[in-house]
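Data first, discussion second: the structure below is written as structure tokens.
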């Protein structure tokens with residue numbers, strides 16, 4: 001890869017114009033759809049202990065901008081397509097904010113200031129796309145807060161930025177040249193090179209692989225969510241910490257080595273098992289970011305290089321975990337071989353159906369970084385179950401599992417779409433992931449048993465499911481029937497809502513009136529002890545009224561499913577000897593000839609609704625009470 005020709009095009013004598021990379025092009029179009037969005041903002045904090053040389057720091061920032069063209073880049077449209085505009089020089093302000101405060105409150109104030117800086121939008125046309133602010137937490141302790149738009153940097157770039165800025169600062173303090181090697185190329189050179197090589201036969205070969213790999217892949221991973229998916233994503237997110245101790249991490253590493261797999265592959269396979277158990281799917285699409293710095297010239301550059309790979313996991317046939325791990329190893333190895341295909345171009349060529357509420361091809365991401373966690377991470381941020389401040393987290397996907405391997409243990413977090421999930425759901429998922437990993441590595445048999453046999457619940461959760469939630473024993477009055485207990489409740493709270501059906505409500509008092517009216521009606525038809533009444537009703541208020549009315553009359557009910565064939569219902573009615581049938585208007589014609597008396601309760605309730613007080617005056621000379629019409633002894637049920 002050589003330097004791009006600087007005479008490609010110049011907008012004026014000072015600013016040079018270059019094509020964007022494919023990744024930059026995607027973010028440019030996203031910005032046109034959601035101007036001012038903070039979804040693709042990156043931030044990092046460099047702490048400075050001891051006396052700070054502010055002048056040297058500002059000069060070192062200028063040196064950093066001179067060294068990396070990406071930080072001097074803005075964007076505009078040319079013939080409808082975005083292009084990079086690289087300024088020959090750029091200087092940015094570094095305002096100082098004093099957040100020092102006695103009693104230790106300065107740390108929280110500094111974090112709030114850093115979050116506020118992250119929430120401020122960028123203008124891709126006017127720039128700059130790097131902001132810096134200096135926070136004084138104490139006389140000899142400062143934070144340099146840097147916020148960048150993702151279109152000019154990525155996660156790897158932040159590591160480069162830390163290293164270069166530290167070196168430049170120390171050199172300025174000593175008034176010596178920085179001991180940094182010259183950069184052989186710049187990001188614009190990469191963008192031109194990428195556009196040049198990704199065409200013709202090379203591009204066709206890459207696309208052919210991915211097209212075959214993703215043929216008939218599921219469009220969505222159906223994870224059980226706490227809320228329906230909205231029409232358009234808000235990108236609001238939350239995070240929940242994940243932490244694997246050193247012993248478990250060592251066992252996972254050893255398991256992978258026995259199967260010729262990396263720790264990334266082992267964790268990805270386990271994550272796939274967890275997602276499969278949650279969704280019930282055996283064909284999974286999971287995305288993963290890749291540095292995309294396949295040439296040594298790119299390793300020391302700041303820029304947006306990262307690419308995304310769509311990994312398709314096959315869990316069909318309920319294989320042993322070791323077999324699944326082999327499948328995952330083969331899929332990831334082949335994906336790495338074909339990683340030069342830009343994800344943006346792949347999506348454009350495959351042209352899947354797009355939705356504003358979900359990402360194309362996959363909605364779940366997995367990432368493992370083999371570097372120590374950032375020094376500026378908040379204390380305790382990686383502890384399991386830790387909840388981050390949701391208002392400052394954006395979620396580009398339904399779910400992201402982002403982990404860091406520091407060589408001893410694995411820590412990280414689940415990032416989730418707050419539109420879909422609650423923190424409690426994700427915390428439970430984190431607990432299940434750890435339980436699954438423990439099961440896989442507990443003994444040699446764990447990794448060879450079928451994946452459906454691997455437990456994902458803890459002992460405490462198993463006891464809760466099988467013991468605590470099944471402890472249904474309760475004390476209740478033994479000398480009263482259910483209809484009598486209901487009447488006592490109706491007398492105590494007649495205006496309380498007893499039944500809800502969509503937007504309709506029925507209070508205990510109203511339900512008792514309807515049931516009493518039906519009980520008197522049934523009693524006139526001879527219903528009492530030893531009498532069976534057929535009930536052919538859909539789930540409705542009428543169904544509950546029917547059951548209570550029959551019990552109040554002293555009879556027993558014969559449940560008849562309206563979905564059962566008519567011939568079968570007729571046989572059941574004749575065999576039981578039921579003379580009375582409670583049903584709805586829509587079923588009465590089919591069953592009229594099978595009983596002596598047929599009552600359509602939807603008609604009866606309409607009549608009662610017009611004159612609910614009728615029950616209080618119904619046949620006062622009868623021995624049946626208007627408040628209950630059931631004998632004190634439970635009715636006898638016919639046998640056979």
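The values are calculated or read from the model by the stated rules, or taken from the named source; none is laboratory data. Note that the structure is a prediction, hence the values are computed from the model and not measured. A quick note on method: Cβ atoms are made from the backbone with ideal geometry, for glycine too, and the neighbour counts reach across all protein chains shown.
Taking every residue in segment 570-595 that is in the same structural domain as residue 528 (by TED's automatic domain parsing) and pairing it with any residue that is assigned to a helix (DSSP H, G or I) and surrounded by fewer than 14 Cβ atoms within 10 Å (Cβ to Cβ), at least 6 positions away or on another chain, the pairs with Cβ-Cβ distances below 8 Å are 585/603; 590/566; 591/566; 594/574. In the set (1) in a loop (DSSP other than H, G, I, E, B); (2) in the same structural domain as residue 367 (by TED's automatic domain parsing); (3) more than 25 Å from residue 153 (Cα to Cα), the condition left unmet by residue 274 is number (1). If you go through segment 331-372 and keep only what is in a helix (DSSP H, G or I), touching a residue at least 60 places away in the same chain (Cβ under 8 Å), under 24 Å from the mean Cα position of the chain (by Cα) and surrounded by fewer than 19 Cβ atoms within 10 Å (Cβ to Cβ), you end up with just 344. Restricted to segment 13-42, and to residues that are farther than 21 Å from residue 308 by Cα and touching a strand residue (DSSP E or B) at 6+ places or on another chain (Cβ under 6 Å), which residue is surrounded by the fewest Cβ atoms within 10 Å (Cβ to Cβ)? Applying the filter and picking the extreme gives 15.
The single condition among (1) at pLDDT 55 or above; (2) surrounded by fewer than 19 Cβ atoms within 10 Å (Cβ to Cβ); (3) in contact with a helix residue (DSSP H, G or I) (Cβ under 6 Å, 6 or more places away or on another chain) that residue 563 does not satisfy is (3). Of all the numbered requirements in (1) part of a strand (DSSP E or B); (2) without any contact (Cβ under 8 Å) to a residue 24 or more places away in the chain, residue 74 misses one, and that requirement is (2).
Regarding segment 192-200, can at least one residue be identified that is at positive phi, part of a helix (DSSP H, G or I) and not assigned by TED's automatic domain parsing to the domain that holds residue 32? The answer is yes; a qualifying residue exists. What about residue 260, is it surrounded by fewer than 19 Cβ atoms within 10 Å (Cβ to Cβ) and either modelled with pLDDT of 95 or more or under 20 Å from residue 368 (Cβ atoms) (or both)? Answer is yes for this residue.
Restricting 421, 397 to residues that are buried (at least 22 other Cβ atoms within 10 Å of the Cβ), outside any strand (DSSP E or B) and in contact (Cβ under 8 Å) with a residue 60 or more places away in the chain narrows the list to 421. For segment 318-350, name all the residues that are touching a strand residue (DSSP E or B) at 6+ places or on another chain (Cβ under 9 Å) and more than 30 Å from residue 188 (Cβ to Cβ). Those that are touching a strand residue (DSSP E or B) at 6+ places or on another chain (Cβ under 9 Å) and more than 30 Å from residue 188 (Cβ to Cβ): 318, 319, 320, 321, 324, 327, 328, 331, 332. Consider segment 379-404 and keep the residues that are modelled with pLDDT under 95 and in contact with a helix residue (DSSP H, G or I) (Cβ under 7 Å, 6 or more places away or on another chain). The one that is farthest from residue 254 (Cα to Cα) is 392. Going through segment 120-159 one residue at a time, which ones are farther than 29 Å from residue 78 by Cα, surrounded by fewer than 16 Cβ atoms within 10 Å (Cβ to Cβ) and either touching a helix residue (DSSP H, G or I) at 6+ places or on another chain (Cβ under 9 Å) or at pLDDT 95 or above (or both)? 138, the sole residue that qualifies.
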